[in-house]
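Report on the following structure.
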Amino acid sequence: MIPPELQLALPERTIPIWVQDGALSRLGTMVRSVLSEKETPRITILTDENVAALYLDEAINSLKDFHTRAIVFPPGEGEKQFARLRTILDELISEGFQRSDLLVGLGGGVVTDICGFAASILYRGVRWVAVPTTLLGMSDAAIGGKTGIDHALGKNLIGTFHQPQAIIADLDMLKTLPEREWRSGSAEVAKTALLSTPELWQEIQKISPDFSNWPQEELQSAIRVAMRGKIDIVEADEREQNQRRLLNLGHTFGHAIEVATNYQAFRHGEAVFLGLRAMLHLSVRAVGLPSEEAHAIDAVLAKVPHPAAEISIDQILSALEHDKKKAHGKLHWILLKAVEQPVIVDDVKDEWVREAAEELVGYLKEGDAAPFGNRLSRVLVLNGPNLNLLGEREPEVYGSQTLQELEEKIRRRAEQIDVEILCRQSNHEGELIDLLQRFRHWADGIIFNPGAFTHTSIALRDAIAAIDTPVIEVHLSDISKREDFRRQSVLSPVCVRQISGKGISGYFEALEFLAEQK
Ligand code: DQA
């Protein structure tokens with residue numbers, strides 16, 4: 001058995017938690033080690049389209065000793081509904097999924113929540129494995145066995161406790177995490193740090209509250225510390241009778257922001273960062289958190305950007321009122337006396353809550369309007385045959401920089417203009433077609449240097465014509481000035497543009513062109 005980095009010890013069993021680089025490629029071995037020796041269950045992977053585009057093939061490949069299939073559904077919180085659950089259950093039952101089979105939830109919080117819930121109710125409970133792919137999923141959602149779906153009247157209103165057999169987190173996956181997803185997860189890590197891991201809070205103060213900026217090694221150990229923090233709380237109170245409620249630190253105001261904006265404008269973690277800031281205000285008033293300490297914590301949390309929103313104090317208060325009704329007329333506030341000293345309080349004065357709500361409305365106004373919503377989110381940069389040899393291959397034609405250097409420069413440029421990119425290279429026509437197909441929904445635009453296939457491949461031309469995603473054809477050299485056979489591109493009629501002969505600047509130009517289209 002590959003030794004797990006962490007374990008969640010519960011009365012009925014101990015759940016191994018693997019947290020490592022490249023864990024996805026060892027999924028099969030890890031899953032095998034939580035089964036009994038004789039059995040080979042069939043496996044159904046539940047995942048969303050975004051994650052499937054990036055990781056499904058590798059997951060299936062790693063599980064090749066099992067009979068494995070997948071159910072793929074659209075991404076987003078909107079899918080955490082009865083309707084989606086029903087189609088999942090319909091498909092599992094009609095495909096002959098058996099009680100002894102295994103579900104694998106490959107994705108962020110939405111996927112693992114719905115997968116765990118389906119597992120808990122199908123045939124009164126089948127086994128499942130959580131493979132969280134986001135920071136939020138790894139550090140929070142996938143640990144602790146809370147499963148569920150949303151109801152029209154609120155999030156997570158329907159659900160169960162149903163622990164997975166194992167939690168498998170591949171830290172390499174964080175490399176493809178979009179910027180706002182980083183923030184979303186960072187909030188839950190910051191929350192755990194304030195609650196129970198002061199050494200992690202000190203690191204956060206030193207480095208940044210946004211983990212997308214962290215150096216690799218520190219990041220990995222921070223994630224493990226945060227997971228350990230959550231595990232300790234779940235071990236002490238699996239069913240949220242008592243201590244587990246502390247994990248709602250910052251969530252009361254955070255939830256009010258999400259409700260007031262109809263869950264549209266904020267990622268969960270962005271709302272939680274703001275909710276933590278409002279909680280500090282209340283903590284000073286209600287439980288004597290020293291105001292210098294509150295300011296110091298606030299200064300760190302305030303570094304994380306968030307969208308601007310025009311919300312009134314009354315909107316916040318009425319969302320809180322609604323939560324209060326659900327909790328039998330009493331809101332249980334999780335507040336801080338100091339870092340690592342949370343308390344649960346239910347007699348907070350209305351005027352203090354109003355003051356904190358006022359503060360919150362101020363933070364919301366100060367938000368950042370520009371980078372949210374109107375940015376081009378994702379671009380795939382695809383390089384074709386022989387471009388892996390850049391630097392070494394005919395440098396007088398293609399220049400001396402390697403493919404890695406070229407990709408790194410494109411990545412940096414993309415960051416500057418707020419575009420998320422993925423780079424892929426293949427020498428194989430079929431693989432290039434697979435990549436175009438696989439990333440067609442993930443990407444808003446594709447920058448494609450098809451190499452010599454430019455001049456011959458009708459199959460690639462068909463693949464580009466078959467997808468709606470705009471493709472820009474790029475060549476380092478000026479193909480119009482080279483050998484006769486290179487002058488014609490069979491792909492250019494189906495691409496939105498051809499940029500040729502500008503070296504790496506051609507890729508930059510393509511990136512900017514796509515960004516302007518959005
Ligand atoms: C190329 C031009 C193609 O003709 C050639 O086969 C390549 C590279 C370029 O970037 O200039 O491999 O696409």
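Bear in mind these aren't lab numbers, they're just calculated from the coordinates by the rules spelled out. Everything quoted here is computed from the prediction, not taken from an experiment. Positions of Cβ are generated from backbone atoms using ideal geometry, with glycine treated the same way; all protein chains shown enter the neighbour counts.
Things to note:
- Principal-axis tilt of helix 504-517 within the chain, Cα atoms, nearest 10 degrees: 50
- Hz values of 3J(HN,Hα) by residue in segment 239-249 - Karplus curve (6.51, -1.76, 1.60), Gly and Pro given as x: 9, 6, 7, 8, 5, 4, 4, 4, 5, 7, 3
- For Ile447, residues with placed amide H under 5 Å, excluding near neighbours: Leu380, Val381, Leu382, Ile472
- Net charge of neighbours whose Cβ lies under 10 Å from the Cβ of Pro132, counting Lys and Arg as +1 and Asp and Glu as -1: -2
- Distance cut-off 45 Å, percentage of C-alpha pairs in the chain lying past it: 19
- Normalised contact order of segment 138-199, rounded percent, pairs of Cα under 8 Å and 6 or more residues apart: 28
- For segment 377-517, taking Cα atoms only, Rg and Dmax work out to 13.7, 39 Å respectively.
- Relative to the longest principal axis of the Cα atoms of the chain, the long axis of helix 216-236 makes an angle of roughly 40 degrees.
- Where Rh is the Kirkwood radius over Cα pairs, Rg/Rh for segment 6-177: 0.92
- A helix-only calculation puts the chain at -12500 deg cm²/dmol for mean residue ellipticity at 222 nm, using -39500 (n - 2.57) for each DSSP H run of at least four residues, averaged over all residues.
- Length released on extending from Glu58 to Lys325, taking residue separation times 0.36 nm less the Cα-Cα span: 91.5 nm
- Summing charges over all other residues whose Cβ lies under 9 Å from the Cβ of Ile114, with Lys and Arg as +1 and Asp and Glu as -1, gives 0.
- Cα-based helix-to-principal-axis angle, 291-301 vs the chain, degrees rounded to 10: 20
- Each residue, Leu153 and Ser400, gets one label point 7 Å from its Cα in the Cβ direction; the gap between the two is 7.1 nm.
- For the chain, averaging the sequence separation of C-alpha pairs within contact (under 8 Å, six or more residues apart) and dividing by the residue count gives a relative contact order of 10 percent.
- Zone of Ser36's modelled label, taken as backbone nitrogen in segment 101-115 under 18 Å from a point 7 Å along Cα→Cβ: 101-103
- Rg and Dmax of segment 235-365, based on Cα coordinates, read 13.9, 40 Å.
- Peptides 130-142, 413-425, 33-45, 268-280 ranked from most to least packed give 130-142, 268-280, 413-425, 33-45, packing being the mean of other C-beta atoms within 10 angstrom over each peptide's residues.
- Two-site label geometry, Thr160 and Lys206: point separation in nm, points 7 Å out along Cα→Cβ: 4.5
- Sequence-distant residues sharing a close amide H with Ser500 (under 5 Å, placed H): His475
- Backbone HN-Hα couplings from phi across segment 478-487 [Karplus 6.51/-1.76/1.60, Hz, Gly and Pro as x]: 8, 5, 6, 10, 10, 4, 3, 5, 8, 6
- Amide H within-cut-off set for Ile158, under 5 Å, with H built and near neighbours excluded: Ile149, His151
- Between the beta carbons of Glu199 and Ile121, assuming R0 = 60 Å, the FRET efficiency works out to 0.90 to the nearest 0.05.
- Pairs from the list Lys206/Lys230; Lys155/Lys175; Lys206/Lys325 with a Cα-Cα gap above 32 Å: Lys206/Lys325.
- Note on segment 1-58: along the principal axes its Cα atoms extend 37, 26, 20 Å, ordered by decreasing extent.
- The distance separating the Cα centre of segment 324-355 from that of segment 211-234 comes to 27 Å.
- Total formal charge among the other residues, if their Cβ is under 12 angstrom from that of Glu258, Lys/Arg +1 and Asp/Glu -1: -2
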